[in-house]
Amino acid sequence: MFANFTRNGVTRRKFLGSAATLAGAGALSSAFPRVPLAADKVVKIGFLAPLTGPVAAWGKPGLDGCRIWAEWVNAAGGISIGGEAHMVEFVAYDNEYDPAKARTGATKLIREDGVKFIMMLGGDTWPGVQPVADNTGMLFSTLLPSDLSPDTKTLIAPCEVHPVYNVTGVEWLAQNKPDLKTAVMCAQDDALGLPSVATYLAAFEAAGIEMLDEPLLFDPATTDFAPVVTRLLSKNPQIVCLDTCYSDYVHPIAEQLFQQGYKGQIISCTADFYDQMIAKTSKEFMEGFIFQFPDFDDPALNADFINFKDANKFYQVYNERHPGEWGAVSWEYASIMDLWKAAAESADSAEPDAVLTAMTAGGKGKHAFGDADWWGSDLFGIDHALVGNWPVVVIENGKATIKGFKSIPEWYAKHGELLKKHMTAYNQMWNQR
Amino acid sequence: MLELLVQTGLNALYSASYISLVAVGLVLIFGVMGIVNFAHGELFMVGAYVVVALYSQNEVPFVLTVAIGLIFVGCIGLLMERTMFRPLRDNPLGGLVASIGFLMILQALASMTFGVRMAFVPPVTQDVIEFTDKIRLPVQRLYVIIAAFGFLTALWLFLTRTRFGWALRASAQDPEAASLQGISITQTARIAMFIGAGLAGVAGALTAPLISVNPHMGHSVIIAAFIVVIVGGVGSLEGAVVASAAYAIVHTFVTTFYDGVLADITGLLLMLIVLIIKPTGLFGTADRA
């Protein structure tokens, strides 16, 4: 090795000298901490979600949305804490939807980056992070309330009430297309798919819609969906439910439904990049497709009860910067930050415990789609899910259109026992997971 | 029920087609070079991204794109042979580790070039052959079946009717004896890598409009291919084709009549049963196992 170095003109003496200089510089930099300058006025927020891999569609667009949110908030003077304006800075860590990487990321964000709050997608990655949350008391958010349990007091679900909001789509379907009475369903067999299966089963039962077959579960590694669709269509259903399948599955399944001649109703939790689905099938085939995530240029989001500020402008800016990338989560993490900002300013502190207390004070909160209640002890063992209204979205003439906002608490008040029955059957209650 | 059986059979035929292209390529590389190419699934992925780059984004005709995909991925195979497998020829474990590193590089390059999210590939055609109301074969899937049959037939003719093919088979059977007969091991390795990688690439390119194209799509394909290679007999091309058909039939029928998760378990059980009854695989020989 040294022979090679000397051949290239680096002598042993020079090498040792350079190494000593580098070592000395390293020691000095660790002995004298970096002068923070403006760092006292910066609040760091952790973004711990899949930014690559098959689940990236539910992470990366959220980070892009958060960066717009931070730009707007910082331009407006930042967050006021202790009488001082604090700029917001997001520190992202790609967990690749892997629990071990999520745990490493959570530790790094807390210990090295000094974040005050960490937003996650949740699901399969939460069990990796839970011990870190329990040990550090860091405030975490998840998009999936099915991660909630009374074991962790610092996990909140302030935006999505996945999968419970899926009941609103089925309720709307039953009210508006009462002649549709039979359904089949498929889902990937994972932490995202199974609680959603239980929810759809409860919603269909509550709506008097008969399931023609057991939900068809497939491995998340599935690439060819023709056999899945053949099985679904063999029952001659009036409704095909795609559960909470990832967009990488929703697209090929929809394409297969089209190719195998299905002409009935489709209902799904998401329809990310539905314009591409239309391109792969047809406008007529996708007409009436029901899902739960609106485009934010929808005029219905200008209603007075909507708490997400400037939804139409947010959508416009997002699409200018990330054309064709708008998806279910583009706005969600940003809406969580609205709640966090309000709580931090109310608490006059960015510390996790103070923010959590302020956020949940009075049991009420301002959800993106209207005022809502902190709820969930019945289903999740803790009232850490912010639940209110949720939109039902239908594709009409090639465009996602909000058909109305339906109340999740009202549905639960009538049919809560059904949901608990099916959640229990799929081992998805908080005390079973 | 008959209609369901026939439709499932058509689904299995498509599945067997593209899996056999990937598996035969994998077997060819192992047979000639003795290296397990873990990056083979990513070569499939690169073939799909060639379609994204040319057909989807630049409107190059699909057939031409598939041909370019074959040549481009074949050239990546040549690059792998020259930079990784040839220097590590006497170190199969080293070759395996290098291929794992290379798959990560390909995934990262795909992510940086095309983004992490599923890429859009417009359908080549929306035509469907309707045998009955319940038995339908999309023409896109028929293209894959015909192309796979054509490529595998061409490969068989190449291996059995040409001097290069004989040299390849000789090197696969006994590299030392082949070398003593004047066959260049380096040359045969190059040909094997080009064909093996090219077949994976062409499989990816052909199926790109039918599946979700993303940087991690090679993962699930390589698992199926490895099961097929083990069931067919490591190093056996005929075994890979027969096992692809067997695996596709089992997996497709179990998915249709039970569920997809059980189908995966059944696929692994199939491998286990074959290994218990015939540890060398259906067509394998003891010296390659």
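The values are calculated or read from the model by the stated rules, or taken from the named source; none is laboratory data. Remember, predicted model here, so these are calculated numbers, not experimental data. Heads up, the Cβs are rebuilt from the backbone with ideal geometry, glycines too, and the neighbour counts pull from every protein chain shown.
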Legend entry - Qualifying residue in the stretch A:278-298 (condition: aliphatic (A, V, I, L, M) and outside the structural domain of A:N236 (by TED's automatic domain parsing)): no
Legend entry - Conditions (1) on the phi > 0 side of the Ramachandran plot; (2) surrounded by 17 or more Cβ atoms within 10 Å (Cβ to Cβ); (3) outside the structural domain of A:F225 (by TED's automatic domain parsing); number of the one not met by A:Y318: (1)
Inset, instruction - Could you tell me whether any residue of the stretch B:83-91 is at the interface with chain A (Cβ under 10 Å from one of its Cβ atoms), in a helix (DSSP H, G or I) and out of contact with any helix residue (DSSP H, G or I) (no Cβ under 7 Å at 6 or more places or on another chain)? - result: no
Inset, instruction - Out of the residues in the stretch A:261-277 that are assigned to a helix (DSSP H, G or I) and within 11 Å of another protein chain (Cβ to nearest Cβ), state the one that is farthest from A:T230 (Cα to Cα). - result: A:D275
Inset, instruction - Would you confirm whether any residue within the stretch B:140-159 is modelled with pLDDT under 90 and assigned to a loop (DSSP other than H, G, I, E, B)? - result: no
Inset, instruction - Considering only the stretch A:117-137, state which residues are assigned to a loop (DSSP other than H, G, I, E, B) and buried (at least 22 other Cβ atoms within 10 Å of the Cβ). - result: A:L121, A:G122
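The rows are residues; the columns are (1) in contact with an Asp or Glu (Cβ under 6 Å, 6 or more places away or on another chain); (2) among the acidic types (D, E); (3) assigned by TED's automatic domain parsing to the domain that holds A:I266.
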| residue | (1), (2), (3) |
| --- | --- |
| A:G370 | no, no, no |
| A:W374 | yes, no, no |
| A:S377 | yes, no, no |
| A:F405 | no, no, yes |
| A:E417 | no, yes, yes |
Inset, instruction - For the stretch A:205-218, name all the residues that are part of a helix (DSSP H, G or I) and over 17 Å from A:P409 (Cα atoms). - result: A:E205
Legend entry - Subset of the stretch A:224-244 that is in contact with a helix residue (DSSP H, G or I) (Cβ under 9 Å, 6 or more places away or on another chain) and surrounded by fewer than 22 Cβ atoms within 10 Å (Cβ to Cβ) - its residue that is nearest to the other protein chains (Cβ to nearest Cβ): A:S234
Inset, instruction - Please indicate, with yes or no, whether at least one residue in the stretch A:243-260 is outside any loop (DSSP other than H, G, I, E, B) and more than 26 Å from A:V55 (Cα to Cα). - result: no
Legend entry - Within the stretch B:17-30, considering residues that are surrounded by 24 or more Cβ atoms within 10 Å (Cβ to Cβ) and of a type outside the set (A, V, I, L, M), the one nearest to B:F102 (Cα to Cα): B:G25
Inset, instruction - Answer yes or no: is there a residue in the stretch B:115-122 that is surrounded by 14 or more Cβ atoms within 10 Å (Cβ to Cβ), at pLDDT below 90 and in a helix (DSSP H, G or I). - result: no
Legend entry - In the stretch B:129-143, residue surrounded by the fewest Cβ atoms within 10 Å (Cβ to Cβ) [restricted to those that are in contact with a strand residue (DSSP E or B) (Cβ under 8 Å, 6 or more places away or on another chain) and charged (D, E, K, R)]: B:E130
Inset, instruction - Can you confirm whether the stretch A:283-302 contains a residue that is within 21 Å of A:A187 (Cβ to Cβ), within 14 Å of chain B (Cβ to nearest Cβ), not in a loop (DSSP other than H, G, I, E, B) and not basic (K, R)? - result: yes
Inset, instruction - Run B:A263 past the list (1) closer than 30 Å to A:T281 by Cα; (2) within 17 Å of the chain's Cα centre (by Cα) and report the number of the one that doesn't hold. - result: (2)
Inset, instruction - Could you look through the stretch A:203-223, keep only residues that are more than 8 Å from every other protein chain (Cβ to nearest Cβ) and farther than 15 Å from A:A187 by Cβ, and pick out the one that is surrounded by the most Cβ atoms within 10 Å (Cβ to Cβ)? - result: A:I209
Inset, instruction - Please determine, by comparing only the residues of the stretch A:170-202 that are of a type in the set (S, T, N, Q) and part of a helix (DSSP H, G or I), which one is surrounded by the fewest Cβ atoms within 10 Å (Cβ to Cβ). - result: A:Q175
Legend entry - Conditions (1) in contact with a helix residue (DSSP H, G or I) (Cβ under 8 Å, 6 or more places away or on another chain); (2) of a type outside the set (D, E, K, R); (3) on the phi > 0 side of the Ramachandran plot: number failed by A:G82: (1)
